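The values are calculated or read from the model by the stated rules, or taken from the named source; none is laboratory data. What you are looking at is a predicted structure, and each value in this text was computed from that prediction instead of being measured. Please note: Cβ atoms are built from the backbone with ideal geometry, for glycine as well, and neighbour counts cover all protein chains shown. Keep in mind that these areas ignore ligands, DNA and RNA; they rest on the heavy atoms of the full protein, side chains included. Shrake-Rupley method; radii C 1.70, N 1.55, O 1.52, S 1.80 Å.
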Amino acid sequence: TDSCNCGRGLPLISEIEGRVTDTLETPGGRQLIVHYFTFLFEHIYGVSQFQLVQNHKKSIKLLLVLNNKFDKDKDLKNILNSIKGYIGPNMNLKYEIVDEIPLVKSGKRRFIIKDF
């Protein structure tokens, strides 16, 4: 650990890390921000919860918890077309309708999980 040159002898911070899991990454290295997805789902009233999971650079899985306002023909098509347009043609998008999206250890529900 390096010390500050001010003479106080305190260690320097070597690196500051934020929550890098709030982005997805395309095969070309482009970062996809969580705000795009939160804005999209803010206006789709038939989706109670969503989560995007990226376990591989070329693939994303969308988890959806639906309610009775969901119009499968209209809403699902809009969601998939919007996300495919944002992530680009080099990524595979799958979706799964689930009953619940589990909370993480902190007690929060994450919108994006990047695990690779």
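Below is a table of values for the structure above.
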quantity	calculated
Region 70-116, residues that are in contact (Cβ under 8 Å) with a residue 60 or more places away in the chain and on the phi > 0 side of the Ramachandran plot	Gly88
Scan of region 92-110 for residues that are open to solvent by less than 90 Å² (accessible area, probe 1.4 Å) and in contact with a helix residue (DSSP H, G or I) (Cβ under 8 Å, 6 or more places away or on another chain), ordered by number	Leu93, Arg110
Residue tally, condition part of a strand (DSSP E or B) and open to solvent by less than 50 Å² (accessible area, probe 1.4 Å), over region 65-91	1
Residue match in region 44-64 (condition: in a helix (DSSP H, G or I) and without any contact (Cβ under 8 Å) to a residue 24 or more places away in the chain)	no
